[in-house]
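To start, the structure itself, in structure tokens.
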Amino acid sequence: MHSLSVPVVSPGQVRFFLQDASTHRQKLCILNPFSFEIHFRVDISNPDKFGISLNRGIINGQQKLSLELTCHTSLACNDSVQIRFYKWTRPRQGQRAPPQKYLGFRQVHIAVSGDGEEEGRGGREGSPGSEWGSASTSDSRHSSPARDDPEVSAQPAMTQEKKWQVISKVVLALALVVVGLLIDHFGEVTIVENIHSHSIAVACYTLAGILGLQLLTFR
């Protein structure tokens, strides 16, 4: 049940054969089963040994994307590729992108074999599904990748900035209301020709109301 909270990656295990150049490029398929867009990021611990055709991108809801994993090493080894997933929210025009919600990850095992091609191919047919982890998993090994992500770690700073924006708008709205009340308190006065003090007070109230509406719709 929990694995449905993370997009699907297949196959769960990729096997390269050093003596068979046709296997040095393998396909990975990412399926987004959700109705919302997903932002994915591919982490390869040994980029000198393996390459990926696209290390990050956006997948539309209920769509799939194929990636190509390439083997560069000439030595037999075992490794893995981790693909992290975030719920993607498009920023509104003129606004910063909102913080991304971390959903979890999928881990694809990599085996590079130089012995017994037939034995290796038999192992690939019975390969297990990809390991996964959701944002709610209690295993610290699965949650650690999200902590190191620069965009995720920047979320507290963005939240702090929004807090100051709200405070400044509240203070300015209150100041405009106070100025409007003071102007009305002193009665009707003509400031310049055709401009009266009450008109200025109304302008202050209007600006305060606009700020109030901005605060109600602020995200």
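Laboratory data are not the source of any read-out in this text; all were calculated from the coordinates shown. From a predicted model like this one, the values you see are computed outputs, not experimental measurements. For neighbour counting, all protein chains shown are included, and Cβ atoms are generated from backbone atoms with ideal geometry for every residue, glycine included.
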In the structure shown, of K49/K101; K64/K101; K27/K49; K49/K87, the pairs separated by more than 22 angstrom at the C-alpha atoms are K49/K101; K49/K87
For a quick check: sort I183, I200 by the number of other beta carbons within 10 angstrom, fewest at the front. I200, I183
For I52, I38, I167, ascending order of other Cβ atoms within 10 Å (fewest first) is I167, I52, I38
